[in-house]
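Data first, discussion second: the structure below is written as structure tokens.
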Amino acid sequence: ESISGGFREVQDVIARLLRVRCHEGEGCDMRSRSCRRGRCFFREGAVAGPLDRRLQEFERYLTVEKNVSPHTVSAYLGDLSQFRDFASSAGMLAADAEEGWRKVDPVLIRSFLASLYRARMKKVTISRKIAALRSFFRFLQRRGRIDVNPAESVQSPKGEKHVPSVLSVDEVLK
């Protein structure tokens, strides 16, 4: 018991030193269900490539400079990871290319959004993903990594309108 506990502490220290973050914001040990399903942000604690390094820089920016909620950081990084995987699978983003994020254009972002619509995601979720992309590319633009923000021209979907429920006369009289 003490050996496994000590091993876990060593894993946590190594994860902190490498700044490896899991989808849950903890050192990734590939034990949680999400990690095993491949949803972990930095898979298997591997040393990140140039694309992932930009995401790590963005994570530090959100956490340290912007001081946003850990839930927002987790959601944004998950959204960006999903976009990265989509772009890589479409052959539009080489995982090891230093110029990878420069290749992203509004057409690629719109095709990503189309895939989200086909997956029947809610408009509020799609809006958050667009906000994450805008924020990330604005960050890259301010740091001089890209010249133009490709997500700037992409519009968010209009919010769903909910009709309020009205009490009947009998309910009011009760």
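Potential lengthening of the chain between Met121 and Ser165 amounts to 13.4 nm, from the contour at 0.36 nm per residue minus the alpha-carbon distance. Determine the shape class of the range 106-146: with a ≥ b ≥ c the square roots of the Cα gyration tensor eigenvalues, call it rounded for a/c under 1.5, and otherwise prolate if a/b is greater than b/c, oblate otherwise. Oblate. Taking the square roots of 5 times each eigenvalue of the Cα gyration tensor of the range 61-174, largest first, gives ellipsoid semi-axes of 36, 18, 12 Å. Solvent-accessible area of Arg60, all protein chains in place: 100 Å² (probe radius 1.4 Å, heavy atoms, ligands and nucleic acids excluded). Among the GluC sites (Glu not before Pro) in the range 117-174, those placed in a DSSP loop whose Cβ has at most 14 other Cβ atoms within 10 Å are Glu152, Glu160. Extending 7 Å from Cα along the Cβ direction at Ala90 and again at Val68 yields two label points whose distance is 2.1 nm.
Estimated at the nearest 10 Å², the accessible area of Val166 is 130 Å² with a 1.4 Å probe.
The values are calculated or read from the model by the stated rules, or taken from the named source; none is laboratory data. Since we're looking at a predicted model, the values are computed, not measured. Ideal geometry is used to build each Cβ from the backbone, glycine not excepted, and the neighbour counts take in all protein chains shown. These area figures cover heavy atoms from the full protein model, side chains too; ligands, DNA and RNA do not enter into them. Shrake-Rupley method; radii C 1.70, N 1.55, O 1.52, S 1.80 Å.
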